[in-house]
Amino acid sequence: MEKVNVAQIKQDDQKYVLHSWSKQKNVHPKVIQKGEGIFFWDEEGKKYYDMCSQLVYLNVGHSHPKLMDEFKHIGEIPLASPGFATASKAELAKKIIEAAPSSMAKVFFANGGADSNDHAVKIARMVTGRYKIFSRYRSYHGATFGAGNLSGEGRRFAVEPGLPGFIKFDTPYLYREFLHFESEEAVSDYYLDRLNSQILYEGPEQIAAIFMEPIPGSNGVLVPPKGYLEGIRELCDQYGILMICDEVMSGFGRTGKMFAVDHFDFEPDMMTFAKGVTCGYSPLGGVIVNQKIADYFDDHVLMTGLTYSGHTVSTQIGCRTMDIYKEEHVIEHSAAMGNILAARLEKLRRFDSVGDVRYIGLFAAVELVKDKKTKEPLIAYGMDYGKDKVGLMSTFISMLSEYGFYTYSHESSVIIAPPLIISEEELNEAMNLFEDVLRHFEDHVLFVDQTVGLK
Ligand SMILES: Cc1ncc(COP(=O)(O)O)c(C=O)c1O
């Protein structure tokens, strides 16, 4: 890429583009020159390990040859609005249902994660005739009005005061749990009991759905305690509430299985998906519904729709992405590399700044603290949005980037979620870099003078 073009791109970007979740004066984006596998190169030719798969969507890596090749055939496919049946829409829906838990029956296609969640809420309300929706603190479900109301963290504040009937409950967060529990099951019992009370306080007959990321992702990969999700399923059955799992980030192999729910002993009524279905090569999302819900709409109008529902290009890319998962054993590889990552993460516990590591498959978070004993977080809750991008965490993320390790953070957790095709060697190289940065950060920033790097 020629320098002159890069300067022009940056100048036009600064002048004309609004960037998400940021004060615009603080945004100085790099330009990606090329990407290949788990790597990308910026405009200066600097190479990065993409350790968050851009926004946790590039499961099959940058510039996958089979997907690049598929784009050459896109022009041959006739465009069709949602009322038409198309080969790619039918094929992809079939592939998704075959990969999903056995009770799942049909797919409604949307454009991305947030609007898929909006549609799941609408479907739950239509099917149950109830209006309240429960979702959790420490969750992210997207930025549209509906999904924003579902989200249980600071990024929802822009949609507040929120929609009536959106109720939040607490997520088990073992590392920061105040009470002492004898076992994971005891933690689950405690949280389920509290949720049961909340359901009763809100009136079970008013509650359409409990909405949750089975494993909250950007809020720090909070793997649930044993029996927790199964217990939520039981509560839903008891009160006739639908259980909806948001698999937008955790789906399509991220956790070492096709869907995060596959790790547990229950099936939800609906699942939402996006990201990994096309690995971001074209935008696509959707809602998977079980047989009961599918049957309901045989005789009731599905009162929703989108111009691009089942868009031909995106569903075509989705079909090939699903083929790649199968042909290249991507999900199995993710599980194997997850074991390597787990071992590397456990070794990080010896660092004074590492409070906790959480992981499942290639979905991981490293939670940093200023003091291991008091668990004082690197950044106080809610201080990483809408504020100037300064502070210890942004210093740490910048240092990682300088070393060629690209990722992002949320509060005090650094997300590690590389493309699922990463090799053992690449994973070890990247984690060596991470350790080098941690060492440097502790020696020269964190435990020296906490104001260094803040200027
Ligand atoms: C769990 C989850 N749900 C929903 C979304 C929103 O997806 P999108 O940005 O495609 O609307 C995200 C985005 O990161 C997510 O992680």
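Annotation: amide H-H contacts under 5 Å for residue 355 (H modelled 1.01 Å from N, sequence separation of 5 or more, or interchain): 367, 368, 369. Among 433, 420, the sequence by solvent-accessible area, most first, with a 1.4 Å probe is 433, 420. Scalar couplings 3J(HN,Hα) for region 165-180, obtained by applying the Karplus form with A = 6.51, B = -1.76, C = 1.60 to θ = phi - 60°, are x, 9, 10, 9, 10, 7, 9, x, 9, 4, 4, 10, 6, 6, 7, 9 Hz; x denotes Gly and Pro.
Taking a straight Cα-Cα cut-off under 27 Å and skipping sequence neighbours fewer than 8 places away in the same chain, the lysines within cross-link reach of residue 95 are 66, 72, 106, 122, 257, 275, 292, 326.
Amide H contacts of residue 416 (H built 1.01 Å from N, in plane; Pro and chain starts excluded): 364, 365, 366 sit under 5 Å, all sequence-distant by 5 or more or on other chains. Semi-axes of the equivalent ellipsoid of region 312-398 are 35, 21, 8 Å, computed as sqrt(5λ) over the eigenvalues of the C-alpha gyration tensor in descending order. Classify region 69-327 as rounded, prolate or oblate, taking a ≥ b ≥ c as the square roots of the eigenvalues of its Cα gyration tensor: rounded when a/c is under 1.5, otherwise prolate if a/b is larger than b/c and oblate if not. Judged from the Cα gyration tensor, region 69-327 comes out prolate (a/c at least 1.5, a/b above b/c). Other residues lying with their Cβ under 11 Å from the Cβ of residue 46 contribute a combined charge of -2, Lys and Arg counting +1, Asp and Glu -1. Counting only heavy atoms of the protein chains and using a 1.4 Å probe, residue 371 has close to 60 Å² of accessible surface.
Backbone phi angles across region 130-137, fed through the Karplus curve with coefficients 6.51, -1.76 and 1.60 (θ = phi - 60°), yield HN-Hα couplings of 9, 10, 6, 10, 8, 8, 10, 4 Hz in residue order; Gly and Pro are listed as x. Between region 216-240 and region 24-66, the C-alpha centres lie 33 angstrom from each other. In the complete set of protein chains, residue-level accessible area for residue 94 is approximately 130 Å², probe 1.4 angstrom.
For 254, 344, give the ranking by accessible area with the largest first, probe 1.4 Å.
Listed by decreasing accessible area, they come as 344, 254.
Each residue was assigned an accessible area with a 1.4 Å probe, and for residue 108 the value is about 30 Å².
Viscosity 0.890 mPa s, temperature 25 °C: Stokes-Einstein D of region 125-207 from its Kirkwood Cα radius, in µm² per second?
D, rounded to a whole number, is 174 µm²/s.
Calculated on the alpha-carbon coordinates, the convex hull of the chain measures out at 153 cubic angstrom per residue. Scanning the chain for DSSP H helices at least 20 Å long along the axis (C-alpha atoms) with a Kyte-Doolittle mean no lower than 0.5 picks out 330-348. Note on residue 16 and residue 424: their simple-model spin labels are 4.9 nm apart, each label 7 Å out from Cα toward Cβ. Among DSSP beta bridges lying fully in region 69-327, give the percent that are antiparallel, nearest 5. Counting DSSP beta bridges with both partners in region 69-327, the antiparallel share is about 40 percent. Bridge orientation summary for the chain: considering DSSP beta bridges with both residues in this region, about 65 percent are antiparallel. Couplings for region 31-45, taken from phi via the Karplus curve 6.51 cos²θ - 1.76 cosθ + 1.60 with θ = phi - 60°, read 10, 7, 7, 7, x, 7, x, 8, 10, 9, 10, 8, 5, 8, x Hz in order; Gly and Pro are left as x.
Among 346, 153, the sequence by solvent-accessible area, most first, with a 1.4 Å probe is 346, 153.
The values are calculated or read from the model by the stated rules, or taken from the named source; none is laboratory data. For clarity, every value in this text was computed on a predicted model and none was experimentally measured. As a convention, Cβ positions derive from the backbone with ideal geometry for all residues, glycine included, and neighbour counts pool all protein chains shown. Quick note on the areas: whole protein, heavy atoms, side chains included, nothing else; ligands and nucleic acids left out. Shrake-Rupley method; radii C 1.70, N 1.55, O 1.52, S 1.80 Å.
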